[in-house]
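Q: I'd like to ask you about the structure that follows.
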Amino acid sequence: MKKTISVFGATGSIGRSTLDLIAHNPNDFTVRVLTAGKNVELLAAQALQFKPELVVLADDGGYEQLCDLLSAHKDIQVTAGRQALLDAADIEVDLCMAAIMGFAGLEPLLRSIHSSKAVAIANKEPLVAAGSLFMEAAAKAGCQILPTDSEHNAIFQVFEPENKKSISRLILTASGGPFRSWSHEDILTATPAQAVKHPNWSMGAKISVDSASLMNKALEVIEAHHLFAMAEDKIDVVVHPESIVHSFVEYQDGSVLAQLGAPDMRTPIAYCLSWPQRMATSGECLDVFKLSTLNFEVVRDDVFPPIKWAHESLRAGQGACIALNAANEVAVAHFLNKDIGFGRIYTIVEKMLETFSGREVYSLEDVISLDKEVRMASGNFINL
Ligand code: NAD
Ligand code: MG
């Protein structure tokens with residue numbers, strides 16, 4: 001039996017890697033839905049290759065062009081706009097790949113848990129902003145969550161749920177990003193081209209900047225807290241510049257379990273696509289005979305404050321986590337647009353944490369409304 005799949009964010013870095021794996025295993029998967037934000041040409045090309053029943057462009061500006069490009073294929077339905085994106089999440093599949101960038105993925109993700117047997121989550125920002133709400137809803141819906149982020153996928157592979165009480169710590173590895181050994185002064189004035197030049201991973205622009213600021217690791221601490229229901233003080237981060245060990249689970253008997261692999265997202269994505277089995281991938285396999293040294297270092301918290309903020313935010317509550325994420329999304333977009341310098345990302349996030357940390361949220365509406373408020377405040381702060 002072929003697995004039916006929907007890919008949200010098909011034209012992005014994770015979406016393309018997912019489709020690359022599916023293309024190499026055409027007898028195992030049927031793609032039902034492909035969605036994208038704005039990239040009409042690539043979405044059309046993917047639709048012609050994978051023949052889904054439905055393609056959705058979230059930005060309705062490109063609707064006519066997409067219809068033109070697919071006009072010879074009447075069996076592929078084309079829709080556009082935010083509502084169409086949400087409706088696409090109601091289509092029943094065995095597996096939904098959640099690979100939209102940012103908070104924009106929250107609502108489709110929440111809808112997909114009712115129509116998908118399993119959801120593979122790469123899209124970490126919704127977990128940061130609404131983790132408790134989401135995990136509760138997924139459990140209620142009986143939807144299997146498959147962590148796709150490489151660190152969380154590594155933990156998932158070596159996490160023994162039946163021995164959860166014996167787990168003393170989760171240790172996330174961080175490459176340290178392109179500025180790992182830079183001076184504080186140089187980091188503050190780094191350019192977008194320098195920030196997106198990741199030493200090990202090839203990723204979308206926003207997560208690349210997050211890796212440079214270590215905000216990505218901060219988001220991942222919060223993500224781990226929700227995915228594995230681990231207390232904030234049992235989650236640590238170690239810098240590992242080679243990105244070979246993708247995280248550790250430490251047990252009270254002294255065993256520390258880890259998953260290793262080449263820094264290629266196709267490995268954790270393949271794990272999610274084929275779970276609970278394992279599939280062959282087109283990616284490079286790690287050759288342990290060629291590994292010389294693996295290094296581990298402490299995080300320079302004085303230069304990179306986000307991980308400390310993640311712990312503070314988890315202690316402060318959901319309002320702080322929403323503020324951390326929303327302020328960062330706004331700041332990174334402005335940084336990539338060259339409106340602000342790299343150092344301002346930290347100033348903006350810190351200011352929004354100060355302003356919004358005490359805020360309480362109880363429902364999805366509260367989450368969406370606070371996210372909006374933080375975005376407005378971040379924009380106003382930038383324009384001061
Ligand atoms: P990307 O920018 O390359 O792609 C994002 C995808 O989402 C694209 O298809 C884009 O069209 C779509 N999109 C963007 N904004 C949208 C909107 N408002 N509405 C609907 N669709 C929209 O991003 P990426 O690097 O593939 O990352 C996707 C998610 O996966 C992020 O949350 C990121 O943190 C996470 N992630 C990525 C990697 C990686 O290696 N790239 C690793 C771990 C986790
Ligand atoms: Mg990661």
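The values are calculated or read from the model by the stated rules, or taken from the named source; none is laboratory data. Not measured: the values here are computed from a predicted model. Every residue, glycine among them, receives a Cβ derived from its backbone with ideal geometry; neighbour counts consider all protein chains shown.
Q: For the stretch 257-315, how many residues are of a type in the set (S, T, N, Q), free of Cβ contacts under 8 Å to residues at least 40 places away in the same chain and touching a Ser or Thr at 6+ places or on another chain (Cβ under 8 Å)?
A: Result for the stretch 257-315: 0.
Q: I need every pair where a residue in the stretch 1-16 that is closer than 16 Å to residue 274 by Cβ and in a loop (DSSP other than H, G, I, E, B) has its Cβ under 8 Å from the Cβ of a residue that is more than 7 Å from ligand 1 (Cβ to nearest atom) and of a type outside the set (Val, Ile, Thr), sequence separation at least 6 or different chains.
A: Close Cβ pairs satisfying both conditions: 2/27; 2/28; 2/29.
Q: A further question follows. Tell me yes or no: at least one residue of the stretch 23-40 is in a helix (DSSP H, G or I), more than 18 Å from residue 269 (Cβ to Cβ) and within 24 Å of the chain's Cα centre (by Cα).
A: Filtering the stretch 23-40 down to residues in a helix (DSSP H, G or I) leaves 23-24, 40.
If we keep only those that are more than 18 Å from residue 269 (Cβ to Cβ) as well, we get 40.
Right, trim to within 24 Å of the chain's Cα centre (by Cα) and you get 40.
Checked the stretch 23-40: at least one residue is in a helix (DSSP H, G or I), more than 18 Å from residue 269 (Cβ to Cβ) and within 24 Å of the chain's Cα centre (by Cα).
Q: Can you tell me which residues in the stretch 113-143 are within 17 Å of residue 368 (Cα to Cα), hydrophobic (A, V, I, L, M, F, W, C) and within 16 Å of ligand 1 (Cβ to nearest atom)?
A: 127, 128, 129, 130, 134 - these are the residues of the stretch 113-143 that are within 17 Å of residue 368 (Cα to Cα), hydrophobic (A, V, I, L, M, F, W, C) and within 16 Å of ligand 1 (Cβ to nearest atom).
Q: Check 205, 174, 190 and return the single one that is away from ligand 1 (no atom under 16 Å from the Cβ) and either touching a residue at least 12 places away in the same chain (Cβ under 8 Å) or more than 14 Å from residue 154 (Cβ to Cβ) (or both).
A: Values: 205 fails: away from ligand 1 (no atom under 16 Å from the Cβ); 174 fails: away from ligand 1 (no atom under 16 Å from the Cβ).
Exactly one residue qualifies, and that residue is 190.
Q: Just name the residue that is farthest from residue 254 (Cα to Cα) out of those in the stretch 144-170 that are away from ligand 1 (no atom under 13 Å from the Cβ) and acidic (Asp, Glu).
A: Within the stretch 144-170, the match that is farthest from residue 254 (Cα to Cα) is 162.
Q: Of the residues 133, 188, 172, which single one is within 27 Å of residue 320 (Cα to Cα), surrounded by fewer than 23 Cβ atoms within 10 Å (Cβ to Cβ) and in the same structural domain as residue 359 (by TED's automatic domain parsing)?
A: 188
Q: Show me the helices (runs of 4 or more DSSP H) found entirely inside the stretch 160-252 where at least 1 residues are within 29 Å of residue 134 (Cβ to Cβ) and within 16 Å of ligand 2 (Cβ to nearest atom). Let's see the steps before the verdict.
A: Numbers: elements: 184-188, 192-195, 205-213, 215-227.
Where helices (runs of 4 or more DSSP H) fall fully within the stretch 160-252 and carry at least 1 residues being within 29 Å of residue 134 (Cβ to Cβ) and within 16 Å of ligand 2 (Cβ to nearest atom), they are 205-213, 215-227.
Q: Return the only residue of 65, 77, 49, 83 being more than 10 Å from ligand 1 (Cβ to nearest atom), within 28 Å of residue 322 (Cα to Cα) and either touching a strand residue (DSSP E or B) at 6+ places or on another chain (Cβ under 6 Å) or at pLDDT 95 or above (or both). Working first, answer last.
A: On the way: 65 fails: within 28 Å of residue 322 (Cα to Cα); 77 fails: within 28 Å of residue 322 (Cα to Cα); 49 fails: within 28 Å of residue 322 (Cα to Cα).
Every option except 83 fails the conditions.
Q: Just the residues that are without any contact (Cβ under 8 Å) to a residue 60 or more places away in the chain and in a strand (DSSP E or B), please, taken from the stretch 77-120.
A: Correct list: 77, 78, 79, 80, 117, 119.
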